[in-house]
Amino acid sequence: MKKKALLLANIGQLLTLRSTLSGPRRGASLSELGIIEDAAVLCVGGKIVSVGKTKEALRDPWIRKHFKQITEIDCCRRVVLPGFVDSHTHPVFTHPRLVDFEKRIAGASYGEIAEAGGGIRSSIEGVRKTSKSVLTEKLVGTFRDMAAHGTTTLEAKSGYGLDLASEVKGLEAIGAGARVWPGTVVVTFLGAHTVPPEYLGRSQDYVDLLCREMIPVVAKRKLARFADVFCEKGAFTAQESEDVFRAAQDHRLALRAHVGQLSETRLAPFLLFKPASLDHMDYVNDADLAPLAASETVATLVPGANYFLGLARYPNARKFIESGVSVALATDYNPGSSPTLSMPMVMSLACTQMKMLPAEAIAAATINGAWALQLADRKGSIEPGKDADLAVFDLQDYREIAYWFGVNRCAFTIVNGIAIGSVTN
Ligand SMILES: [Zn+2]
């Protein structure tokens, strides 16, 4: 399909996130949004080709010459920013976990629920029993809901199948959903989510299966770009996680990990593998901050999980930012600990619970999310040459995105040059 040229004009605040710095945003650069007022963006063939003031765009000779072939969208002085890059989601599941929800309200902990047969293991049966086409259909619905909230690029993990056939099915369902949805989906193999019930007490046997059979198949069939591991008490030890990383690296999968969600794990052995991202990071040793800041690895914070689990403690975003660690925000969309697909909700939590400034939350949800997926050359900012991924919010000031929590103020999105949602008022 030939993508039409689109001119978004009369933008009140355009957050370009442009930068001359190389690498993910850190420290003070995290709050530099590169705002242009009274702005316009021209997108041709799914790419951004020019960015500037509306008046200049309308005088541009190319635009004047081709005006009949261009669809002009009047943004009515609203806020336009790069589409969100949600760099951590678990969308391959079939049912909400409502019993866990009630048990937790009644006082049970995450660990107690897992021990009682709830938690991740209770989602496994649903995925194992469900056909690939039904999983695909559900995924496409999820991707569309995400786009309606401003997300144009997302990472999607497997991890509720936990045997070779079910993991392959989940990864293929993500791939099939990604071909239907116009946005961009990065696929992650999370066979190392938890030890499946049939391997209880034999975690080393499951790690061997992951490393010797599952990772080689996933890599050979190019079903995923990343491998991930949940390093935590009750899931995988640091040593087992290293084994998974080594096997994945040997098979040329890029790396990311769940680290420090419920207990501290030292980061040095992970950083040796140069992972794109280490996620959660609620419990991090202060001595690990300097090496983390000196690396290209992004710390992806997912405060939706803290909120939904009812935790008083959140990751210490201020300490990360002040130490020079690059920070991203993501939803961690999953049925057990973070059933939200709203990046604005996550940004609101980042501001109110982790004391990030609204501008910092925006950079963490866009350009640093793109770095966390190794996609910063194409995604995360509004600059000529990048993919035409934009979100238009029915607001006058970007700070309102995190301010009006629990409501969706995204008017429409441009996803790889295609307008999705109602572009008129
Ligand atoms: Zn997760």
- Reachable aspartates and glutamates from Lys132, criterion Cα separation under 14 angstrom, eight or more residues apart if same chain: Glu167, Glu172
- Task: Quantify how much of the Cα-Cα distance distribution of region 305-344 extends past 16 Å, in percent.
- Result: 47 percent
- Query: For the chain, what log10 I(q)/I(0) values come out of the Debye formula at q = 0.06, 0.08 1/Å, with one point per alpha carbon and no solvent?
  - Reply: -0.23, -0.42
- Remind me, what semi-axes does region 1-139 give for its equivalent ellipsoid, largest first in whole Å, using sqrt of 5 times each Cα gyration tensor eigenvalue? 46, 22, 13
- Query: Taking every eigenvalue of the Cα gyration tensor of region 171-234, multiplying by 5 and rooting it, what semi-axes result, largest first, whole Å?
  - Reply: 26, 13, 9
- Message: For region 1-128, give me the percentage of DSSP beta bridges that are antiparallel, rounded to the nearest 5 percent.
- Response: 65 percent
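Classify region 364-403 as rounded, prolate or oblate from the Cα gyration tensor: take a ≥ b ≥ c as the square roots of its eigenvalues, call it rounded if a/c is under 1.5, otherwise prolate when a/b beats b/c and oblate if not. Before the final figure, lay out each step's value.
Values: a/c = 3.40, a/b = 1.66, b/c = 2.04.
Here region 364-403 falls in the oblate category.
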- Task: Report, in degrees rounded to the nearest 10, the 0 to 90 angle that the Cα long axis of helix 238-250 makes with the longest principal axis of the chain.
- Result: 60 degrees
- Using the Cα gyration tensor of region 107-266, the equivalent ellipsoid's semi-axes, largest first and to the nearest Å, work out to 25, 19, 16
- Task: Output the direction-averaged projected area (hull surface divided by four) of the convex hull of the alpha-carbon atoms of region 1-48, in nm².
- Result: 4.5 nm²
- Mean residue ellipticity (222 nm) of the chain, computed from DSSP H runs ≥ 4 via -39,500 (n - 2.57), nearest 500: -9500 deg cm²/dmol
- Item | Portion, in percent, of the accessible area of region 301-425 that falls on carbon or sulfur, probe 1.4 Å | 54 percent
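What number comes out for accessible area per residue over region 32-147 if the probe is 1.4 Å? Units Å², please.
Per-residue value: 51 Å².
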- Query: What pairs from Lys157/Lys222; Lys103/Lys157; Lys68/Lys386; Lys47/Lys274; Lys53/Lys386; Lys129/Lys220 go past 20 Å between their alpha carbons?
  - Reply: Lys103/Lys157; Lys68/Lys386; Lys47/Lys274; Lys129/Lys220
- So what's the angle, to the nearest 10 degrees on a 0 to 90 scale, between helix 120-129 and the longest Cα principal axis of the chain? 80 degrees
- Compute the Rg/Rh shape ratio of region 210-351: radius of gyration over Kirkwood radius, all on alpha-carbon atoms. 0.97
- Message: Between helix 164-180 and the chain, what is the angle of the helix's C-alpha long axis to the longest principal axis, kept within 0 to 90° and rounded to the nearest 10?
- Response: 10 degrees
- Message: Quick query: amide H of Ala391 versus all other amide H atoms, modeled in the peptide plane; which residues come in under 5 Å with a sequence gap of 5 or more or a different chain?
- Response: Leu81, Gly83, Ile414
- The computed P(r) of region 89-142 puts the percent of Cα pairs beyond 15 Å at 51 percent
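Of the heavy-atom accessible surface of region 234-282 (probe 1.4 angstrom), what whole percent is carbon and sulfur?
51 percent
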- Query: If all Cα-Cα distances of region 230-277 are sorted into 10 Å bins from 0 onward, what percent lands in each bin, rounded to whole numbers?
  - Reply: 28, 60, 12
- Query: With θ set to phi - 60° and the Karplus curve 6.51 cos²θ - 1.76 cosθ + 1.60, what are the ³J(HN,Hα) couplings of region 149-162 in order, to the nearest whole Hz, using x for Gly and Pro?
  - Reply: 9, x, 8, 10, 9, 9, 9, 10, 9, 7, x, 10, x, 6
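The values are calculated or read from the model by the stated rules, or taken from the named source; none is laboratory data. What you are looking at is a predicted structure, and each value in this text was computed from that prediction instead of being measured. All accessible areas refer to the heavy atoms of the entire protein, side chains included, with ligands and DNA or RNA removed. Shrake-Rupley method; radii C 1.70, N 1.55, O 1.52, S 1.80 Å.
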